[in-house]
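The values are calculated or read from the model by the stated rules, or taken from the named source; none is laboratory data. Predicted, not measured: the structure shown is a model, and the values here were computed from it. Note: ideal-geometry Cβ built from the backbone for every residue, glycine included; neighbour counts use all protein chains shown.
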Amino acid sequence: MNDRNRLGAWVRRFLLEYLVAERNLSHNTQISYRDTLTLLLPFVSRRASVAIDHLSVLDISPAIVRAFLEHVEHERGCGIVTRNQRLCAIHSLGRFIAMRSPEHLAWCTEIRSIPFKKTTQAVIHYLDKPEVEALLRTPNRATSQGARDYAILLFLYNTGARADEAACLNVGNLQLGTSPSVRILGKGNKWRVCPLWPVTATALRPLIVERRTEDRVFIGRTGNPMTRFGMYRVVSVYGRAAGKRVNSMQGRRISPHTIRHTTAVHLLRAGVDINTIRAWLGHVSLDTTHIYAEVDLEMKAKALACLDVTNVPEAVRLRPNSASLMAFMRGL
C-alpha cells in the first residue's frame with residue numbers, strides 16, 4: 001500500500017504534529033480527538049473487515065462515518081452534543097489529510113459534507129441565594145475534610161470556575177494578601193483573573209500552609225490532587241444533603257456547573273455588565289453569556305412589574321396580534 005494511503009501514518013502525524021506542535025490545542029481537546037479515533041478506528045476495522053494496522057484513508061468512507069455516528073448516538077447512548085464533537089474531530093482529520101495530500105481532496109470533501117445535527121438549547125439550572133446559603137452551611141467545618149469542602153464550594157461560587165479549572169488550581173495562582181485574587185487557566189489556555197471575597201481567602205489560607213507554589217490547592221483524602229470527578233462528587237454529595245433541608249433543592253442534580261450558572265445569574269442581578277461577566281467566566285463570545293439574561297426569572301418578573309397594563313390601549317387588549325400591538329411595543 002502507498003504510504004500516502006496508509007491511515008496509521010496520518011493518524012500519528014495528526015495527533016502528534018498537527019494538534020500539539022502546529023495548533024497547540026488544549027490538553028482536553030487533544031484527549032477528545034484521541035478518544036474519537038480510539039472509537040472510530042476499531043469500528044471502521046470491523047465494518048471494512050481490515051486489520052487496524054492495514055487500514056487506508058479511503059476505508060473511512062462517508063457511509064461508515066454516518067454509521068459510526070449512529071453507533072455513538074444510539075448504541076453508546078451519547079447525546080447529540082457528543083455526536084457532533086466526534087464528527088468535528090473526523091472533519092479535522094479529513095482537512096489535515098487533504099491539506100497535505102491533494103489526491104485525497106475529493107474524499108475529504110465527502111467527509112466534510114456530513115452535517116452536524118442540530119441541537120436544542122438545554123435549560124440552565126441555577127440556585128437562588130437561600131439555596132446557595134443552605135449549600136454552604138452543609139459541610140462540617142470543624143473537620144479538615146469539611147473545611148476543605150466548604151472552601152471548594154465557596155471558591156466555585158465566588159469565581160464561577162469550571163470543575164477542571166478548580167481541580168488544576170496551583171498554590172502559586174492564589175494571591176491572598178490585601179487584595180485577594182486568583183489566576184485561572186481556562187479553555188483555550190487563556191488566563192483570567194478573578195477577585196476573591198475576604199471570606200473565600202480566609203477559607204483557602206489553611207489549605208496552602210507550608211505548600212509549594214507548584215502544589216495543587218485542593219488535595220484529596222489520599223494526599224493526591226483532586227480531579228474534576230472529585231469536584232463533582234463533593235458538590236453532588238452536599239447538594240443532596242442540602243436538599244433534605246430545602247424543599248426547592250429536593251431531587252435536583254447539583255453540579256459544579258450549576259454553581260457556575262448561579263454565579264453568572266447572581267452577578268447579572270447585582271447589576272454587573274454582561275461583558276464583565278463574560279471575562280469573569282472565561283467565555284469566548286458574548287453570545288454564551290447572554291444566555292443568563294434570558295433564563296433569569298427574577299429579572300423577567302421585574303421587567304413585567306414595570307409594565308403598567310392599565311395604560312394598555314383597549315384595542316391592544318382585545319386584538320393582541322394586531323398592528324396596534326406592534327405599535328404599542330415599539331413605543332415601550
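General remarks:
- Subset tally (residues that are of a type in the set (D, E, K, R) and within 18 Å of ILE31 (Cβ to Cβ)) for the stretch 70-89: 3
- Verdict on ALA89 being free of Cβ contacts under 8 Å to residues at least 40 places away in the same chain, out of contact with any His (no Cβ under 7 Å at 6 or more places or on another chain) and under 22 Å from ARG6 (Cα atoms): no
- Condition met for LEU19 (out of contact with any strand residue (DSSP E or B) (no Cβ under 9 Å at 6 or more places or on another chain) and at pLDDT 95 or above): no
- Across the stretch 24-34, the number of residues qualifying as more than 18 Å from the chain's Cα centre (by Cα) and on the phi < 0 side of the Ramachandran plot comes to 1.
- In summary, helices (runs of 4 or more DSSP H) completely within the stretch 22-140 and bearing 2 or more residues that are of a type in the set (Phe, Trp, Tyr) and surrounded by 15 or more Cβ atoms within 10 Å (Cβ to Cβ) occur at 27-48.
To keep it simple, each residue is scored yes or no on (1) outside the structural domain of VAL235 (by TED's automatic domain parsing); (2) surrounded by 14 or more Cβ atoms within 10 Å (Cβ to Cβ); (3) acidic (Asp, Glu); (4) in a helix (DSSP H, G or I).
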position	(1), (2), (3), (4)
GLY146	no, yes, no, yes
ALA151	no, yes, no, yes
TYR157	no, yes, no, yes
ALA161	no, yes, no, no
THR178	no, no, no, no
GLY188	no, no, no, yes
ARG192	no, yes, no, no
VAL199	no, no, no, yes
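- Remark: pairs (first residue in the stretch 131-147, free of Cβ contacts under 8 Å to residues at least 40 places away in the same chain; second residue surrounded by fewer than 17 Cβ atoms within 10 Å (Cβ to Cβ) and in a loop (DSSP other than H, G, I, E, B); Cβ separation under 8 Å; 6+ apart in sequence or on different chains) = GLY146/ASN140.
- Flag for GLU165 being touching a strand residue (DSSP E or B) at 6+ places or on another chain (Cβ under 6 Å), within 20 Å of SER255 (Cβ to Cβ) and in a helix (DSSP H, G or I): yes
- Within the stretch 1-21, residues that are more than 28 Å from ASN189 (Cβ to Cβ) sit with their Cβ atoms under 9 Å from residues that are among the small types (Gly, Ala, Ser) and surrounded by fewer than 14 Cβ atoms within 10 Å (Cβ to Cβ), at 6+ positions apart or across chains, in these pairs: ASP3/ALA9.
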